[in-house]
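Colleague: Structure provided below as structure tokens; questions to follow.
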Amino acid sequence: MAITREKKVQIVEDLKDKFARASMVILADCTGLTVGETNELRFKLRDAQGELKVAKNTLVRIAAAGTQVEELLDDLRGPNAMVLAYDDPVAVAKALMEFAKDNDNVRVKVGILEGSKMDADGVIALSKLPSKEVLIAQLLSVMVAPATGLVQALSGIPRKLLYALNAIKDQKEQG
């Protein structure tokens, strides 16, 4: 069934908006997925604040003009699905790679993260990073460590003085 010109314009505008908002876009070949498997992938990506979009390559080329996705146009051949990450790209990459591990019909082609193009191995490496919350916790522990050490060092002096005074008191009570 042919798509009307108005519908194509609407699809292009929708894609352009999504490309502008996305922090990461991954091109993947999802040929052979059943409707149920595709819906399962969509739900997993939605839980990770991502989205799966499928559109004709011609419409994607038009929508990509002036966005970071423009760098991926050389790889836009054959059937493609676009995985878009809006909040945490690592969580979306993890969700996609977890699904791809259990399903041979999903093959990552290429991706772009904040304007930097990466191949399939880059997307796989990104999916192996710790989550955003874990990285923030690690950073905070590194930032707090010097202050914690200083507080412990400064509190050690009065503590040792108190131990010495208690030892003198115990000696005088015994003697």
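The values are calculated or read from the model by the stated rules, or taken from the named source; none is laboratory data. These numbers come from a predicted model, not from an experiment. In this analysis, Cβ positions are derived from the backbone assuming ideal geometry, glycine residues included, and neighbour counts consider all displayed protein chains.
Results for (1) at pLDDT 85 or above; (2) under 25 Å from ASP17 (Cβ atoms), shown as yes or no for each residue.
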| residue | (1), (2) |
| --- | --- |
| TYR86 | yes, yes |
| PRO89 | yes, yes |
| VAL108 | yes, yes |
| SER127 | yes, no |
| VAL134 | no, no |
| THR148 | no, no |
| GLY156 | no, no |
| LYS172 | yes, no |
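Yes/no per residue for (1) exposed (fewer than 14 other Cβ atoms within 10 Å of the Cβ); (2) modelled with pLDDT of 90 or more; (3) not assigned by TED's automatic domain parsing to the domain that holds ALA91; (4) not aromatic (Phe, Trp, Tyr):
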| position | (1), (2), (3), (4) |
| --- | --- |
| ALA20 | yes, no, no, yes |
| VAL25 | no, yes, no, yes |
| ALA28 | no, yes, no, yes |
| THR31 | yes, no, no, yes |
| GLY36 | yes, yes, no, yes |
| LEU41 | no, yes, no, yes |
| ASP47 | yes, yes, no, yes |
| LEU52 | no, yes, no, yes |
| ALA55 | no, no, no, yes |
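Colleague: From (1) within 19 Å of ILE112 (Cα to Cα); (2) within 21 Å of the chain's Cα centre (by Cα); (3) surrounded by fewer than 17 Cβ atoms within 10 Å (Cβ to Cβ), pick out the condition that doesn't hold for ARG77.
Modeller: (2)
Colleague: I'd like the full set of residues that are in contact with a helix residue (DSSP H, G or I) (Cβ under 7 Å, 6 or more places away or on another chain) and within 13 Å of VAL25 (Cα to Cα), limited to the range 97-117.
Modeller: Matches in the range 97-117: VAL108, LYS109, VAL110, GLY111, ILE112, LEU113, GLY115, LYS117.
Colleague: Which of the residues that make up the range 124-151 are surrounded by 10 or more Cβ atoms within 10 Å (Cβ to Cβ) and of a type in the set (Gly, Ala, Ser)?
Modeller: Hits for the range 124-151 are ALA125, SER127, SER131, ALA137, SER141, ALA145, GLY149.
Colleague: Taking into account only those residues within the range 4-35 that are free of Cβ contacts under 8 Å to residues at least 24 places away in the same chain and not in a helix (DSSP H, G or I), which is farthest from the chain's Cα centre (by Cα)?
Modeller: THR4
Colleague: Does LYS101 qualify as being assigned by TED's automatic domain parsing to the domain that holds LEU33 and under 15 Å from the mean Cα position of the chain (by Cα)?
Modeller: Criteria not met by LYS101.
Colleague: How many residues does the range 44-60 contain that are touching a strand residue (DSSP E or B) at 6+ places or on another chain (Cβ under 8 Å) and part of a helix (DSSP H, G or I)? Outline the logic, then answer.
Modeller: Kept after step one, since they are touching a strand residue (DSSP E or B) at 6+ places or on another chain (Cβ under 8 Å), are these residues of the range 44-60: 45, 48-55, 60.
After this cut, where a residue has to be part of a helix (DSSP H, G or I) as well, the list is 45, 60.
Number satisfying all stated conditions: 2.
Colleague: Residues being farther than 19 Å from LYS109 by Cα and among the acidic types (Asp, Glu): count how many of those fall in the range 43-92.
Modeller: Residues in the range 43-92 being farther than 19 Å from LYS109 by Cα and among the acidic types (Asp, Glu): 3 in total.
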